[in-house]
Amino acid sequence: MNNLESFIDVQQLLKQFGIFVYIGHRESDILLMEEEVKELYQNGLVSLETYKQALLILRSEKSSS
């Protein structure tokens, strides 16, 4: 999945790997999602492009909340 355009797309990406993030605090959810995406990349499960797109989306989401 390389066409990440929104926060929902990042959630769907994580869901493909059985990762569901909901702590109940928006900023904490975003930080945990960043860590999960990083782990997926480090373990070779997502491409560098997908990793970068996901981080940009999550950081943008964090700055707008």
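The values are calculated or read from the model by the stated rules, or taken from the named source; none is laboratory data. This structure is a prediction, so every number in the text was calculated from the model and none was measured. Note that each Cβ is placed from the backbone with ideal geometry, even for glycine, and that neighbours are counted across all protein chains shown. These area figures cover heavy atoms from the full protein model, side chains too; ligands, DNA and RNA do not enter into them. Shrake-Rupley method; radii C 1.70, N 1.55, O 1.52, S 1.80 Å.
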With θ set to phi - 60° and the Karplus curve 6.51 cos²θ - 1.76 cosθ + 1.60, what are the ³J(HN,Hα) couplings of the stretch 19-25 in order, to the nearest whole Hz, using x for Gly and Pro? 9, 10, 10, 7, 9, x, 10
What list of ³J(HN,Hα) values in whole Hz, one per residue of the stretch 30-40 in order, does the Karplus curve 6.51 cos²θ - 1.76 cosθ + 1.60 (θ = phi - 60°) give from phi, with Gly and Pro shown as x? 5, 4, 5, 5, 4, 5, 5, 5, 4, 4, 4
Calculated from DSSP H runs of 4 or more alone, at -39500 (n - 2.57) each and per residue, what is the 222 nm mean residue ellipticity of the chain, nearest 500? -22000 deg cm²/dmol
Only Lys, Arg, Asp and Glu count, each charged at its Cβ (+1, +1, -1, -1), so figure out the dipole size of the chain about its Cα centre, rounded to 20 debye. 40
Loop-resident sites, the chain, for GluC sites (Glu not before Pro), counting at most 13 other Cβ within 10 Å (DSSP): Glu5
For the chain, using Cα atoms only, the Rg and Dmax in Å read 10.7, 30
Could you check the simple spin-label distance between Ile23 and Ser60, using points 7 Å along Cα→Cβ, in nm with one decimal? 2.3
Which whole-Hz couplings ³J(HN,Hα) result when phi for each residue of the stretch 54-62 is put into the Karplus expression 6.51 cos²θ - 1.76 cosθ + 1.60, θ = phi - 60°, listed in order with x for Gly and Pro? 4, 5, 4, 5, 5, 5, 5, 5, 5
Determine the share of the chain's accessible area contributed by carbon and sulfur atoms, expressed in whole percent, with a 1.4 angstrom probe. 48
